[in-house]
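A short worksheet on the structure shown next.
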Amino acid sequence: MKGDIGWGHYCRKFFKFNAARRSAALWLESPLGFLLMAIPVTCFGLLALCGVVLQKLPEADGKGEWLPFALALLVFLLCFAAFGISYYPYVVPGKLTIMDALADANSLRFLLVGTVVVVPCILAYTVMVYRIFAGKSEKLSYY
């Protein structure tokens, strides 16, 4: 726009809002929009459920203390999935696609071998330590 002096001018110049337009079109104009609308609706429902759970938690006598964390984790995963869907196939919106960001196949094979060896070791250690220390903590008591 002519005569636009302000933050909007710099934002448009810096970000070139093509990716935002494409993302808005995906969510609002495409036939997938109705299917994608399930993500924010589910997030709002889960947040409302979390509010109800948090209000009733003091009366539950320690049962279901994990539920607010699980609900918040699910909301985070849904939001992250929505973000990924919005900008797919770009890693850097409008600049770098997933295919451009890939490393060489030999590097990826090396990382795969490392992951196949290291991740099971970490999981086994975590399970072992959990079993060793399970039930050895005492209830907190204050003076």
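On the chain, 71 percent of the accessible area sits on carbon and sulfur atoms, based on a 1.4 Å probe. Take the chain with all the other protein chains still there, run a 1.4 Å probe, and you get 87 Å² of accessible area per residue.
Residue separation of SER107 and VAL129 scaled by 0.36 nm, minus their Cα-Cα distance, works out to 4.7 nm of gained length.
Helix content alone sets the calculated 222 nm mean residue ellipticity of the chain: runs of n ≥ 4 DSSP H residues at -39500 (n - 2.57) each, divided across all residues, give -22000 deg cm²/dmol. Result for the chain in a Gaussian network model with C-alpha springs under 10 Å: among PHE69, PHE133, PHE44, the largest mean-square fluctuation is at PHE133.
For Cα extents along the principal axes in Å, the candidate list reads (1) 70, 49, 37; (2) 50, 34, 30; (3) 196, 23, 19; the entry that matches the value derived from this model is (1).
Charging the Cβ of each Asp and Glu at -1 and of each Lys and Arg at +1, and nothing else, the dipole of segment 83-143 about its Cα centre rounds to 260 debye. Take THR115: with every protein chain present and a 1.4 Å probe, its accessible area is about 70 Å².
For the residues CYS121, CYS43, CYS79, a GNM of the chain with alpha-carbon springs under 10 Å puts the largest fluctuation on CYS121.
The values are calculated or read from the model by the stated rules, or taken from the named source; none is laboratory data. These numbers were taken from a predicted model, which means no experiment stands behind them. Every residue, glycine among them, receives a Cβ derived from its backbone with ideal geometry; neighbour counts consider all protein chains shown. What goes into the accessible areas is simple: the full protein's heavy atoms, side chains included, and nothing from ligands, DNA or RNA. Shrake-Rupley method; radii C 1.70, N 1.55, O 1.52, S 1.80 Å.
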